[in-house]
Amino acid sequence: MTRTTQWIYGWLLLLPAMALLVLFTHYPAVATLWQSFHSTPKGSRSAVFVGVENYEQLASDDVFWQALSNNWWYALGTIPLSIVIALLMAIWVNERIPGRGVLRLAYFTPTVLPMIAVANIWLFFYTPDYGLLEQFLGLFGARGHNWLGSKSTALPALMVVTVWKEAGFFMIFYLAALQSMSPHLAEAAAIEGASRWYFFRRVTFPLLMPTTLFVLVNAVINAFRLVDHIVVMTRGGPDNATALLLYYVYEIGFRFWDTAYAAALTVVLLAILGLVALAQFFFLERRVHYQ
Amino acid sequence: MSTMVSQRHGWTRGLETAAAWLLGLLWVLPLVYAIWTAFHPAEFSTRFVLSAPLTLDNFARAWEAAPFARYFLNTVILVTMVLVAQLVLVTLAAYAFARFEFPGRNVLFALVLVQLMIMPDVLIVENYRTMTTLGLKDTILAIALPYMASAFGIFLLRQTFKVVPRELDEAARVEGCTPLQVLWKVYVPLARPTYLAYALVSVSYHWNNFLWPLIITNSVESRPVTVGLQVFSATDQGLDWSVITAATLLSTAPLLIAFLLFQKQFVQSFMRAGIR
């Protein structure tokens, strides 16, 4: 095959996928930036260039700052916890623990359920007065709390749902990594008399580093990408206590139809995801060895 | 683990087993609770007595109260449409990246990888505008289009294609195969496990997807089952929890049953998709 035919084949094979990617990923990303410097078209008035006006509005929008801070705490509350639980789960079901198959199934099942169904189930779980949680707490005489309805507990209550849903998913990646590890390592460590904790700390955990970073990046993206449960469980309330960034974009863009302001908000979201990408590229990829 | 270790740490082992089971119990509890509620009359939805009568009434009421059959059909059309398009597009693109030399290859690959970070899920405002321009609003095609070219799939399959021995490729060419025939006869059959893994991940992702379908659809004819479920449970029709829970289980049942039947393949597929 000549060089030119190689070129033509390469480009033609790529064309359909690239066209769709450009149309629904690259173009909208750029268009979002463009729209964020314009006004929202209203009736017969079309959009006009307004400079940084949308960003000024954003800077003085308390709800935006709250959503940003909510998202920060949400990420901080869900990511480390789900990673630790995932790692524990993976180590347990990788060993010859009694009932391993059943446990693996129990841990993984929430992953295959749609977030929206999960949210429905947990909504009932959290129901004031007669939800399961309230009934359980009632046994200790501590009932009467509206978990999703009070500002201090609504976001943590959602975090629990996220951890429950995601830990099993991350477990799979750890399990895959653990199963590809040589059993000789553990045997050698046992002969040397190393404790299990020592072995984990000095051998298993370092070897799992690439997996941890892969899971970490996925978890960060999910923390900014997945708001299905917010729509079902709290609609951002009470008093914006559970408004995450993407949920706020959805609310501004599709309930108030202020598309220009929604674009400015999306730019912030894209900037955060871009930073994650850069961090992964410059900081993590160099220290991690993929095969 | 050797027996030496397990003997020396017998009691920690016991403790760990107990902890693992406690966590497992905690993990299935919400689901068991949902199943209890769905299969019992409303008055037993929060009273756990063993003598409570079992019933399918909640399911019947949910099925009658909303066009779930249509929603299921829409979801099946959606996941099929997405998967078929993805398999074709991803295969061609991965083949190009794995085995062809052309100018701009690295830049284009980087552009593909952008989608791993900036997924269509966050570009809802602009994609909605595009769909309006294209006149596709409120169609199943509109739900599917942004996901058809999948960076994840291209990446995954490119890795698989790259390890196919060049000799097989060349042997097929010597026999007179065109590049597309080589792809079909050599690469695709060898990548079968990757395809299976990718297909399972894709189907469960799109079966479960919610926000974008919620935004882009507003009629029974195009709504997938996730959105249908939300519309059903959000409308204040005085529905009790047992019916909503039944509807919730109903809408997840096909995927859940498929998962329970093909557990091993599911888990292995997710594993395979995660190893990069």
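Throughout, read-outs are computed from the coordinates displayed, never taken from laboratory work. Computed from a predicted model, the values in this text were never measured in an experiment. Reconstructed Cβ throughout: ideal geometry from the backbone, glycine too, with neighbour counts over all protein chains shown.
Going from the fewest other Cβ atoms within 10 Å to the most, the residues A:21, B:116 appear in the order B:116, A:21. Arranged from fewest to most other beta-carbon atoms within 10 Å of their beta carbon, B:226, A:153, A:4 become A:4, A:153, B:226. Each listed q (0.08, 0.10, 0.14, 0.15 Å⁻¹) maps to a log10 I(q)/I(0) for chain A from the Debye sum over equal C-alpha point scatterers, namely -0.50, -0.75, -1.16, -1.23.
A straight line joining the Cα centroids of segment A:83-135 and segment B:145-207 runs 34 Å.
Using a cutoff of 8 angstrom between alpha carbon atoms and counting only pairs six or more residues apart, the relative contact order for segment B:66-274 works out to 34 percent. Centroid-to-centroid, using Cα positions, segment A:252-267 and segment B:36-81 are 36 Å apart.
Restricting segment B:131-211 to GluC sites (Glu not before Pro) that sit in a DSSP loop and have at most 12 other Cβ atoms within 10 Å of their own Cβ leaves B:175.
For a straight C-alpha distance cut-off of 30 angstrom, the lysines reachable from residue A:165 (same-chain residues fewer than eight places away being disregarded) are A:151, B:264. What whole-number distance in Å separates the alpha-carbon centres of segment A:20-38 and segment A:147-205? Cα centroid to Cα centroid, the span is 38 Å. Put a plus charge on the Cβ of each Lys and Arg, a minus charge on the Cβ of each Asp and Glu, and nothing anywhere else: the dipole of the protein assembly as shown about its Cα centre is then about 1420 debye.
Residue by residue, segment A:62-71 carries 3J(HN,Hα) couplings of 4, 5, 4, 5, 5, 4, 5, 5, 4, 5 Hz when phi is fed to the Karplus relation 6.51 cos²θ - 1.76 cosθ + 1.60 (θ = phi - 60°); x denotes Gly or Pro.
Mean separation of Cα pairs under 8 Å and 6 or more residues apart, divided by the residue count, gives chain A a relative contact order of 27 percent.
In deg cm²/dmol, rounded to 500, what helix-only [θ] at 222 nm does the protein assembly as shown give when every DSSP H run of at least 4 residues adds -39500 (n - 2.57) and the total is split over its residues?
Result for the protein assembly as shown: -22000 deg cm²/dmol, rounded to the nearest 500.
Ignoring lysines fewer than eight residues from residue A:42 along the same chain, the ones with Cα atoms less than 26 angstrom from its Cα are B:137. The lysines within cross-link reach of residue B:162, meaning a Cα-to-Cα straight distance under 18 Å and a gap of 8 or more places when in the same chain, are B:185. Calculated on C-alpha atoms, the gyration radius of segment B:66-274 divided by its Kirkwood radius gives an Rg/Rh of 1.04. Across segment A:1-133, the mean sequence separation of Cα contacts (distance under 8 Å, 6 or more residues apart), normalised by length, yields a relative contact order of 8 percent.
Return the Rg/Rh value of the protein assembly as shown, two decimal places, where both radii are evaluated on C-alpha atoms and Rh is the Kirkwood radius.
On the way: Rg = 25.1 Å, Rh = 25.6 Å.
Rounded to two decimals, Rg over Rh is 0.98.
List the DSSP H helices in chain B whose Cα atoms stretch 18 Å or more along the helix axis and whose mean Kyte-Doolittle hydropathy is at least 1.6. Correct list, ordered by number: B:68-99, B:105-117, B:241-261. Taking GluC sites (Glu not before Pro) across segment A:113-212, the ones in a DSSP loop with at most 15 further Cβ atoms lying within 10 angstrom of their Cβ are A:192.
Amide H contacts under 5 Å for residue A:38: A:50, restricted to partners 5 or more places along the chain or on a different chain, H placed in the peptide plane at 1.01 Å from N. When the Cα positions of A:233, A:222, A:193 are compared along the charge dipole of segment A:193-252, A:193 comes out farthest toward the positive end, with charges on each C-beta of Lys, Arg, Asp and Glu. Ordered by the count of other Cβ atoms within 10 Å of each Cβ, fewest first, B:205, A:174 give B:205, A:174.
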